[in-house]
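Have a look at the structure below, then the notes.
The values are calculated or read from the model by the stated rules, or taken from the named source; none is laboratory data. All figures in this text were calculated on a predicted structure; none of them were measured in a lab. Heads up, the Cβs are rebuilt from the backbone with ideal geometry, glycines too, and the neighbour counts pull from every protein chain shown. With ligands, DNA and RNA removed, areas are computed over all heavy atoms of the protein, side chains included. Shrake-Rupley method; radii C 1.70, N 1.55, O 1.52, S 1.80 Å.
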Amino acid sequence: QKEVEQDPGPLSVPEGAIVSLNCTYSNSAFQYFMWYRQYSRKGPELLMYTYSSGNKEDGRFTAQVDKSSKYISLFIRDSQPSDSATYLCAMSGAGGFKTIFGAGTRLFVKA
Amino acid sequence: DTGVSQNPRHKITKRGQNVTFRCDPISEHNRLYWYRQTLGQGPEFLTYFQNEAQLEKSRLLSDRFSAERPKGSFSTLEIQRTEQGDSAMYLCASTGSLGSRRVGARHTEAFFGQGTRLTVV
């Protein structure tokens, strides 16, 4: 079993839809939870960062962490074609190094 | 451009040859990481440096792989006697700076370079 599980998709939605992306994990030592966006042939770009449980909102993006269920989510409101990319969840322990990534979910937003 | 810089962007090499990649992190960042990413997978941790000290290496980093950060600034990743299974995107990331009250948080906010795509033929 992988430490971080993420459905690879692809996920295809119409423009304006609400997108829900999710990851589950097995290591209860994880304390920092991140979402990265990666466009084709580019390096990952940090979108959202959350410490421990709770919600965090930034514009059209909302990250949720439920440590009791070992489950994290990213919601994208009013999705745009420019949101089409691979979304990677990532997490790390107290030291903050050795980040473990999910496999990534490919998202397509159709105009 | 003050982001993380990686060179070369692409490298095609014959099996058995040695290759070396370079990473220039964000100048004030003291931690530097190497990851490997294959198609359809997320980045896999290889190794990380705090300043010039290499503090952890993954089991993925076989004895054919070596990484250095001699002056705590740029880093190199060398692969000796390349194999076809080494074909991947090699990503470098840097984080954080000491002295911040949010050091723990800062060290999770990794900034990635564009990667070096290695193809072994």
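What the table shows:
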read-out: Accessible area of chain B belonging to carbon and sulfur atoms, whole % at 1.4 Å probe; value: 45 percent
read-out: Accessible area expressed per residue, segment A:43-111, with surrounding protein chains retained (probe 1.4 Å, Å²); value: 42 Å²
read-out: Residues in segment B:26-64 occluded by at least 10 Å² - accessible area, probe radius 1.4 Å, against chain by itself; value: B:Arg31, B:Tyr33, B:Tyr35, B:Gln37, B:Gly40, B:Gln41, B:Gly42, B:Pro43, B:Phe45, B:Tyr48, B:Glu56
read-out: Contact order relative to length of segment A:28-99, as percent, for alpha carbon pairs under 8 angstrom and 6 or more apart; value: 38 percent
read-out: For chain A, size of Cβ-based charge dipole, Lys and Arg +1, Asp and Glu -1, in debye; value: 220 debye
read-out: Equivalent-ellipsoid semi-axes of chain A, from the Cα gyration tensor, Å, largest first; value: 23, 14, 12
read-out: Percentage relative contact order, chain B, counting C-alpha pairs under 8 Å, at least six apart; value: 35 percent
read-out: Loss of accessible area when A meets B, both sides summed, Å² nearest 100, probe 1.4 Å; value: 1800 Å²
read-out: Rounded FRET efficiency, nearest 0.05, which uses the C-beta distance separating A:Glu45 from A:Ser68 and R0 of 25 Å; value: 0.30
read-out: Nitroxide proxy distance, nm - points 7 Å out along Cα→Cβ at B:Arg15 and A:Asp58; value: 4.3 nm
read-out: Gaussian network model of chain A, Cα within-10 Å springs - most flexible of A:Ala17, A:Ala63, A:Ala90; value: A:Ala17
read-out: Accessible area of chain A belonging to carbon and sulfur atoms, whole % at 1.4 Å probe; value: 48 percent
read-out: Partners for A:Lys42 among lysines (Cα-Cα distance below 18 Å; same-chain residues under 8 apart left out); value: B:Lys11
read-out: Per residue solvent-accessible surface (Å²) - segment B:12-80, probe of 1.4 Å; value: 53 Å²
